[in-house]
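Asker: Have a look at this one.
The numbers here are math on the coordinates, done by the rules we state, and not lab data. Since this is a predicted model, take the numbers as computed values, not measurements. No Cβ is skipped: glycine too gets one built from the backbone with ideal geometry, and neighbour counts run over all protein chains shown.
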Amino acid sequence: MGTNRIKLAATLFAVALACGGYAAGSSAAAPRRAAAKRSADARTVYSQHCASCHGEDGDARTEKGELYGATDFTSKKWWDKEHPSDARLRRAISAGKRGGMPAFGKRLSAAEVSALATYLRGFKGR
Ligand code: HEC
C-alpha cells in the first residue's frame, strides 16, 4: 500500500516532468522555427525579386547587375564605408533608387522588406 502510493507519486512526478519538459521545449522552439521561416522566406523573396541584379550570392555578378551597377552586398568595403541603417535599406527596397534600383514597396509587404534588409547583411564578407 505504502509502496504503491510512492510508485503512483513517482509516476505522476515523471509525467509532470515530461509534460513540463515538453511544454518548455516547444515554447523555446517556436521562436526558433519562426526565425528559420522568416529567413527561408527572405531567401525566396530575394531569389524571386533581387537575385537577377544583385546575384543569388549577393555579389551582383549578373548581366543586369553589371549593366546597372547594382550594389555588391558581399563587399565588406561597401558595408564599412556606408554603414547603412536598417531604415536606409528598407527605404531603398521600398522606394527604389535612381540608377536602376526598382521600388518594391507595392509588391512586397513591410514584413518582407524588413526581412530582406536583415537578409542582405548576411552577404557581407562572403
Ligand atoms: C533591376 C535591377 C535590380 C533589382 C531587381 C534589384 N536591385 Fe537593388 N539595386 C540596383 C542598383 C542598380 C542599385 C544601386 C543604386 C544606386 O546606388 O544608385 C541597387 C541598390 C540597392 C541597395 C543599396 C541602397 C543604398 O542605400 O545604397 C539595396 C539595399 C538594394 N538594392 C536592395 C535590393 C533588394 C532587397 C532587391 C529585391 C527586392 C533589389 N535590390 C532588387 C538594382 C536592382
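Asker: Starting with the fewest neighbours, write out Tyr68, Tyr46 ranked by other beta-carbon atoms found within 10 Å of each beta-carbon. List each step's numbers first, then the result.
Answerer: Numbers: Tyr68 16, Tyr46 22.
Final ranking by Cβ density, sparse to dense: Tyr68, Tyr46.
Asker: Also, I was wondering about something else. Which lysines have a Cα lying under 26 Å from the Cα of Lys37, excluding residues fewer than 8 positions away in the same chain?
Answerer: Candidates past the 8-residue exclusion: Lys106, Lys124.
Asker: Size of the dipole of the range 37-121 about the Cα centre, Lys and Arg at +1 and Asp and Glu at -1 on the beta carbon, nothing else charged, in debye to 20? Walk me through the intermediate numbers first.
Answerer: On the way: 16 positive and 11 negative charges, 73 e Å.
Charge dipole of the range 37-121: 340 debye, to the nearest 20.
Asker: Whole-Hz Karplus ³J(HN,Hα) for the range 59-66, in order, using 6.51 cos²θ - 1.76 cosθ + 1.60 and θ = phi - 60°, x for Gly and Pro?
Answerer: 8, 6, 8, 10, 4, 5, x, 6
Asker: Could you please rank His83, His49, His54, placing first whichever residue has the fewest other Cβ atoms within 10 Å of its Cβ? Could you put the intermediate results ahead of the total?
Answerer: On the way: His83 8, His49 17, His54 25.
Least to most surrounded, the residues fall as His83, His49, His54.
Asker: Something else about it: Tell me, what is the percent relative contact order of the range 37-121, built from C-alpha pairs under 8 Å that lie six or more residues apart?
Answerer: Numbers: 94 pairs, mean separation 22.9, N = 85.
27 percent.
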